[in-house]
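Step one of this worksheet: look at the structure below.
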Amino acid sequence: MRFIVLSDIHGRADATDWIRQLVSENSADALLVLGDISHFGPLTYIEGFLTNLNLPVYAIPGNCDPPGTLEVIRRTATALHLTRIDISERVFVGVGGSNPTIFDTPFELSEDELDASLEPLMEGVDILITHAPPYGINDTTPSGQHVGSTALRRLVDLYRPELVLSGHIHEARGIVEVGGIKYMNPGAARDGLAGLMDIDDDIHLKLLESHQ
C-alpha cells in the first residue's frame, strides 16, 4: 500500500492542487496527514482540505490546529489521535498536538499527559503517527535546540515500533534510522514538501517535492 505523507500545511491555499498531482504521479492509495492542517483555523479550511483530496485520509491534528479540529477529522477522514487501527497488516497508533512550546499554541499536552494517554495504546504498535517528534530525532531547530517530546522518545525506545512519522519542526526534514527504528519528517507541505511510504513486507520511505 502506498501513502503520501503530509504535515504542516498551515492553510496553504493551493495545497489540494499540488497534492493531487503528487497522488497522481506516484499512484498513491491513501494519504497520512500529520497535523497543522491549518494555521490557527478556520475549521472550514480543514474540512475543505480533507474532503477534497479524493482519497482515503488518515489524520491527526497539530498544535496549531484550533479546538474542534479533531471533530472535523472524525467527520471527514479517519482520525488516528489516541487510536489504534490496522492498515495494510500494520498496527498504526497516533497522537496529535505537541509537547509544550514557547508559543502557547492551541493543542499542547504536557509530557506527563502525552505519556499517560499514549502508553496504553503502544503494545505491539508498528507505525507511530505523531505531530511532534521524539526528543533528539528530527527535532532540531535552526538555533540547534532539540525540542522534541521526551515522553514520545521514552515510549518509542520502550515499545520499538518499526517506524515513527512526525512533522512539527519544519527545518528538521529527513529520513533517519536510529537503533533499528525508522523515522521520517516529510517536511512542511506549506513549502511544497511531502513524503512517500510504501508498505509491503518492509517499509520503504522517500522524500517528495511539488513541481508546482
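The values are calculated or read from the model by the stated rules, or taken from the named source; none is laboratory data. Bear in mind that the values here come from a model prediction, so they are computed numbers and not experimental data. Counting neighbours? That spans all protein chains shown, and the Cβs are built from the backbone with ideal geometry, glycine included.
Can you tell me which residues in the range 30-57 are surrounded by fewer than 16 Cβ atoms within 10 Å (Cβ to Cβ) and either of a type in the set (D, E, K, R) or part of a loop (DSSP other than H, G, I, E, B) (or both)?
At the first step, the residues of the range 30-57 found to be surrounded by fewer than 16 Cβ atoms within 10 Å (Cβ to Cβ) are 40, 42, 44, 48, 51-52, 54-56.
Once the filter is applied, which keeps residues that are surrounded by fewer than 16 Cβ atoms within 10 Å (Cβ to Cβ) and either of a type in the set (D, E, K, R) or part of a loop (DSSP other than H, G, I, E, B) (or both), the range 30-57 yields 40, 42, 52, 54, 55, 56.
Output the residues belonging to the range 74-95 that are in contact with a helix residue (DSSP H, G or I) (Cβ under 7 Å, 6 or more places away or on another chain) and under 25 Å from residue 111 (Cα atoms).
The first filter runs over the range 74-95 and keeps only residues in contact with a helix residue (DSSP H, G or I) (Cβ under 7 Å, 6 or more places away or on another chain), leaving 76-77, 79, 81-82, 84, 93, 95.
Correct list: 79, 81, 82, 84, 93, 95.
Which of (1) of a type in the set (A, V, I, L, M, F, W, C); (2) in contact (Cβ under 8 Å) with a residue 40 or more places away in the chain; (3) farther than 24 Å from residue 97 by Cβ; (4) in a loop (DSSP other than H, G, I, E, B) is the odd one out, the single condition residue 64 does not satisfy?
Tallying (1) of a type in the set (A, V, I, L, M, F, W, C); (2) in contact (Cβ under 8 Å) with a residue 40 or more places away in the chain; (3) farther than 24 Å from residue 97 by Cβ; (4) in a loop (DSSP other than H, G, I, E, B), residue 64 fails exactly one: (3).
Give the residue, chosen from 191, 201, that is on the phi < 0 side of the Ramachandran plot, touching a residue at least 12 places away in the same chain (Cβ under 8 Å) and surrounded by fewer than 18 Cβ atoms within 10 Å (Cβ to Cβ).
Working: 201 fails: touching a residue at least 12 places away in the same chain (Cβ under 8 Å).
Matching residue, one of 191, 201: 191.
Within the range 147-171, count every residue that is in a helix (DSSP H, G or I) and of a type in the set (Val, Ile, Thr).
2
Which of the residues that make up the range 126-146 are within 13 Å of the chain's Cα centre (by Cα), in a loop (DSSP other than H, G, I, E, B) and among the hydrophobic types (A, V, I, L, M, F, W, C)?
132
What residue, of 162, 209, 177, is acidic (Asp, Glu), touching a strand residue (DSSP E or B) at 6+ places or on another chain (Cβ under 9 Å) and either within 21 Å of residue 97 (Cβ to Cβ) or touching a residue at least 40 places away in the same chain (Cβ under 8 Å) (or both)? Talk me through it step by step, then tell me what you get.
On the way: 209 fails: either within 21 Å of residue 97 (Cβ to Cβ) or touching a residue at least 40 places away in the same chain (Cβ under 8 Å) (or both); 177 fails: either within 21 Å of residue 97 (Cβ to Cβ) or touching a residue at least 40 places away in the same chain (Cβ under 8 Å) (or both).
Testing whether each residue is acidic (Asp, Glu), touching a strand residue (DSSP E or B) at 6+ places or on another chain (Cβ under 9 Å) and either within 21 Å of residue 97 (Cβ to Cβ) or touching a residue at least 40 places away in the same chain (Cβ under 8 Å) (or both) leaves just 162.
Under 6 Å between Cβ atoms, at least 6 apart or on separate chains: pull out the pairs that start in the range 92-108 with a residue that is more than 14 Å from residue 7 (Cβ to Cβ) and end on any residue that is of a type in the set (Lys, Arg) and at pLDDT 95 or above.
Taking only residues 6 or more apart or on different chains, the pairs are 93/84.
Any chance you could count how many residues in the range 82-113 are among the hydrophobic types (A, V, I, L, M, F, W, C), closer than 19 Å to residue 8 by Cβ and not in a loop (DSSP other than H, G, I, E, B)?
Looking only at that region, the number is 1.
Mind checking whether some residue in the range 176-191 is over 15 Å from the mean Cα position of the chain (by Cα) and of a type in the set (Gly, Ala, Ser)?
yes
Which of (1) buried (at least 16 other Cβ atoms within 10 Å of the Cβ); (2) at negative phi does residue 142 not meet, given it meets every other one?
For residue 142, the exception is condition (1).
Could you tell me which residue of the range 1-29 is modelled with the lowest pLDDT, considering only residues that are within 21 Å of residue 62 (Cβ to Cβ) and hydroxyl-bearing (Ser, Thr, Tyr)?
The residue in question is 16.
Is it fair to say residue 166 is within 17 Å of the chain's Cα centre (by Cα) and within 29 Å of residue 199 (Cα to Cα)?
The answer is yes for residue 166.
Of the residues that sit in the range 192-208 and are out of contact with any Gly (no Cβ under 8 Å at 6 or more places or on another chain) and not in a loop (DSSP other than H, G, I, E, B), which one is farthest from residue 91 (Cα to Cα)?
Top of the filtered list is 196.
Taking only the range 63-81 into account, find how many residues are over 13 Å from residue 32 (Cβ atoms) and either of a type in the set (A, V, I, L, M) or surrounded by 24 or more Cβ atoms within 10 Å (Cβ to Cβ) (or both).
Result for the range 63-81: 5.
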